[in-house]
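The values are calculated or read from the model by the stated rules, or taken from the named source; none is laboratory data. The structure presented is a predicted model; accordingly, all values stated were derived computationally and were not measured. Neighbour counts run over all protein chains shown; Cβ positions are idealised from the backbone, glycine included. Accessible surface is based on the protein model in full, side chains and every heavy atom, while ligands, DNA and RNA are left aside. Shrake-Rupley method; radii C 1.70, N 1.55, O 1.52, S 1.80 Å.
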Protein chains: 2
Amino acid sequence: MSGPRPFANALELLRNAGLRPTRQRLALARLLFDQGDRHVTAEQLHAEVLTASMPVSLATVYNALHQFVGAGLLREVVVNPGRSYFDTNVSDHHHFFLEDAGKLVDIPGDRIDVANVPAPPAGTAIRRVDVIIRVEREPA
Amino acid sequence: MSGPRPFANALELLRNAGLRPTRQRLALARLLFDQGDRHVTAEQLHAEVLTASMPVSLATVYNALHQFVGAGLLREVVVNPGRSYFDTNVSDHHHFFLEDAGKLVDIPGDRIDVANVPAPPAGTAIRRVDVIIRVEREPA
DNA sequence: TTCTGTTTTAGAACTATTCTAATCTGTTGA
DNA sequence: TCAACAGATTAGAATAGTTCTAAAACAGAA
């Protein structure tokens with residue numbers, strides 16, 4: 001009865017995804033989905049859930065993140081070698097990547113046009129189009 | 001006097017980039033630039049240079065790849081967490097990424113249109129726009 | 001409750017990459 | 001030509017992020 005959430009609560013969200021609503025997954029789902037759109041790394045989320053006095057192991061954080069991606073609740077964004085971001089916004093959109101700060105900023109799908117996409121190589125089908133606009137601190 | 005190369009030879013290419021033309025860098029530059037456009041990982045290039053009976057340490061391969069990127073001879077493409085690709089095509093273009101095979105395929109810059117790019121966040125300037133079209137083996 | 005399959009966990013293992021400190025090499029200038 | 005020095009290379013250790021393993025804990029069904 002308060003925020004604009006796609007599901008009534010984390011429990012229902014997990015049930016809909018066919019994931020058993022364990023304490024750990026509930027805690028993680030709440031952190032991820034009870035705020036607006038977020039871009040988190042596994043380490044960040046792990047730190048948050050520990051701070052929230054709900055100890056969850058790092059392995060479980062990774063497991064849950066991947067299960068959420070598999071269930072379409074989360075999207076993995078790759079911008080940096082050796083570190084994955086998980087995006088709670090799974091609608092059609094793209095990203096600014098602030099290289100200095102290591103931060104992602106959403107660009108709504110309708111705020112950018114990608115046209116004339118050539119046909120994919122023979123025997124393959126397009127799964128997704130990712131546009132990443134890398135920005136840097138403006139030279140003084 | 002044979003192939004279509006942007007520089008007469010690896011030696012001149014390194015000199016122009018302000019890099020001392022050592023044996024190792026010459027060997028790597030030849031492998032990278034004497035063929036057409038390539039997308040290699042550090043490990044792949046290391047394996048190639050060893051096969052070519054010119055032992056070069058992995059650390060040197062990484063050093064050289066980064067120096068080549070810094071000199072604008074190479075471009076780093078990030079599509080996978082935990083593995084970098086280096087692209088010898090530094091002109092304006094984009095990529096198909098064949099997820100099953102882990103292969104990159106160039107899309108010439110003029111074969112795709114990215115329009116209406118929104119203004120970058122305050123205080124930042126666009127450094128590069130990357131379009132990655134992820135494709136998968138066509139479902140049978 | 002008890003049972004069963006799933007989930008969680010600590011810690012080890014793994015992969016890609018970077019660092020370190022010693023050795024070597026290319027270039028410069030005498 | 002050669003000495004000297006800055007820069008480059010190297011093996012191996014170290015690091016970061018992630019995945020794996022095997023054992024213990026748990027959720028849900030009966």
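Is it the case that region B:45-58 has a residue that's within 14 Å of chain A (Cβ to nearest Cβ) and modelled with pLDDT of 95 or more?
no
Looking at region B:65-85, is at least one residue among the β-branched types (Val, Ile, Thr), assigned to a strand (DSSP E or B) and open to solvent by 50 Å² or more (accessible area, probe 1.4 Å)?
no
Of the residues that sit in region B:59-69 and are within 7 Å of DNA strand D (Cβ to nearest atom) and touching a helix residue (DSSP H, G or I) at 6+ places or on another chain (Cβ under 8 Å), which one is nearest to B:Arg30 (Cα to Cα)? Give the steps one after another, and end with the answer.
The initial filter retains those residues of region B:59-69 that are within 7 Å of DNA strand D (Cβ to nearest atom), namely B:59-60, B:63-64.
Now restrict to residues that are touching a helix residue (DSSP H, G or I) at 6+ places or on another chain (Cβ under 8 Å): B:60, B:64.
On the way: B:Thr60: 15, B:Ala64: 12 Å.
Out of the qualifying residues, it is B:Ala64.
Looking at B:Thr88, B:Thr124, B:Thr41, B:Thr51, which is the one that is more than 14 Å from DNA strand D (Cβ to nearest atom), surrounded by 14 or more Cβ atoms within 10 Å (Cβ to Cβ) and within 21 Å of B:Thr22 (Cβ to Cβ)?
Going through B:Thr88, B:Thr124, B:Thr41, B:Thr51 in turn, the sole match is B:Thr88.
Being modelled with pLDDT of 95 or more, among the β-branched types (Val, Ile, Thr) and not in a loop (DSSP other than H, G, I, E, B): is that true of A:Val61 here?
yes
Might you check whether a residue that is open to solvent by less than 50 Å² (accessible area, probe 1.4 Å) and either assigned to a strand (DSSP E or B) or near DNA strand C (Cβ under 9 Å from one of its atoms) (or both) occurs anywhere in region A:3-12? If you could, list the steps in order and put the result at the bottom.
At the first step, the residues of region A:3-12 found to be open to solvent by less than 50 Å² (accessible area, probe 1.4 Å) are A:3, A:10.
Of the ones still in play, those that are also either assigned to a strand (DSSP E or B) or near DNA strand C (Cβ under 9 Å from one of its atoms) (or both) are none.
For region A:3-12, residues open to solvent by less than 50 Å² (accessible area, probe 1.4 Å) and either assigned to a strand (DSSP E or B) or near DNA strand C (Cβ under 9 Å from one of its atoms) (or both): absent.
Out of A:Arg20, A:Arg25, A:Arg30, I need the residue that is within 13 Å of DNA strand D (Cβ to nearest atom), away from chain B (no Cβ under 14 Å) and assigned to a helix (DSSP H, G or I). Which one? Before the answer, list the steps.
Numbers: A:Arg20 fails: assigned to a helix (DSSP H, G or I); A:Arg30 fails: within 13 Å of DNA strand D (Cβ to nearest atom).
Checking each option against the conditions leaves just A:Arg25.
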